[in-house]
Amino acid sequence: MSVNKEIKRITTETIRNMKFQGEKISMLTAYDFTIASLVDTAGTEIILVGDSAANVMAGHETTLPITLDQMIYHAQCVVRGAKRALVVVDLPFGTYQSDPQKALESSVRIMKESGAHAIKLEGGKEIEESIRRIVNAGIPVMGHLGLTPQSIYQFGSYKVRAKEDEEAEKLINDAKLLEELGCFSLVMEKIPADLASKVTAAINIPTIGIGAGSNCDGQVLVVHDMLGLNNEFKPKFVRKYLNLEDQIHQAIGQYVTDVKSGNFPNANEQY
């Protein structure tokens, strides 16, 4: 399906309407102006300024170390590059889990200082009051259930979540709760495809899957993964559309060779 060029700016209403119209939603991460511009002009509906920046931009093992100030910086860069897409920003670990007032203040800072359009946070019933306060302040909220990377030390691994009945039932109930609280959409990460399909059918807000099967209303990937910028990370759910890691290595290697041989710059590349 081609990109709808008539839509000048994607909004939360656009995203909700896409679910009702049966049009799949595309979402990718971005953390800087240049990549955001490329993701945006290619027609992606949602750009996520993910706390995965802690991994792919800063080299941390988990998403936990990234700060609110750092997330705002990345969001500012992305907003400047996104002319059409809806920009959603992750609330980083420690800014919302135990203190609803801090959750609201963190969200307000992101919206005011970055110009982003929505925030995303991980969890269900346990963060109900935080979500309620943020939504009541007029800030659009995207939920996130299933594998929630900020809870990685609690889970102990990045394995598939909600395979057992009890956890699956909780996920369905949490999804319904997030809808009731006013979330405009929901990310489901690394859960069985059948469960994701049930949730998608059970709620009226769009679901965005990552490792959650094809029946979600949309899909999201980390842009570095789908472009093949990290060949060591090979989860089942990632499709590599390019192999940029090898291509960049070759290009840089050729540059080094040309500099050392005196081939660069040549007569046409100097003043």
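All but one of (1) touching a helix residue (DSSP H, G or I) at 6+ places or on another chain (Cβ under 6 Å); (2) without any contact (Cβ under 8 Å) to a residue 60 or more places away in the chain; (3) not acidic (Asp, Glu) hold for Pro206; which doesn't?
The single condition Pro206 does not satisfy is (2).
Looking at region 212-232, which of its residues are farther than 18 Å from Gly43 by Cα and either outside any loop (DSSP other than H, G, I, E, B) or within 13 Å of the chain's Cα centre (by Cα) (or both)?
Passing the criteria: only Asp225.
Identify all residues within region 225-271 that are open to solvent by less than 70 Å² (accessible area, probe 1.4 Å), in contact (Cβ under 8 Å) with a residue 24 or more places away in the chain and not polar (S, T, N, Q); write none if there are none.
If the condition is that a residue be open to solvent by less than 70 Å² (accessible area, probe 1.4 Å), in contact (Cβ under 8 Å) with a residue 24 or more places away in the chain and not polar (S, T, N, Q), then Met226, Leu229, Pro235, Phe237 are the ones that fit.
Just checking, which of Glu6, Glu23 is modelled with pLDDT under 95 and among the acidic types (Asp, Glu)?
On the way: Glu23 fails: modelled with pLDDT under 95.
Going through Glu6, Glu23 in turn, the sole match is Glu6.
Please identify the pairs in which a residue from region 42-55 that is within 18 Å of Ile119 (Cα to Cα) has its Cβ atom under 6 Å from the Cβ atom of a residue that is acidic (Asp, Glu) and open to solvent by less than 10 Å² (accessible area, probe 1.4 Å), counting only partners at least 6 apart or on another chain.
Gly50/Asp90; Asp51/Asp90
From the set of residues in region 215-224 that are in contact (Cβ under 8 Å) with a residue 24 or more places away in the chain and either open to solvent by less than 60 Å² (accessible area, probe 1.4 Å) or touching a Ser or Thr at 6+ places or on another chain (Cβ under 6 Å) (or both), which is nearest to Gly50 (Cα to Cα)?
Val222
The values are calculated or read from the model by the stated rules, or taken from the named source; none is laboratory data. As the structure is a prediction and not an experimental result, all values here were calculated from the model. FYI the Cβ positions are ideal-geometry reconstructions off the backbone, even for glycines, and counts take in every protein chain you see. The area values use the complete protein model at the heavy-atom level, side chains included, leaving out ligands, DNA and RNA. Shrake-Rupley method; radii C 1.70, N 1.55, O 1.52, S 1.80 Å.
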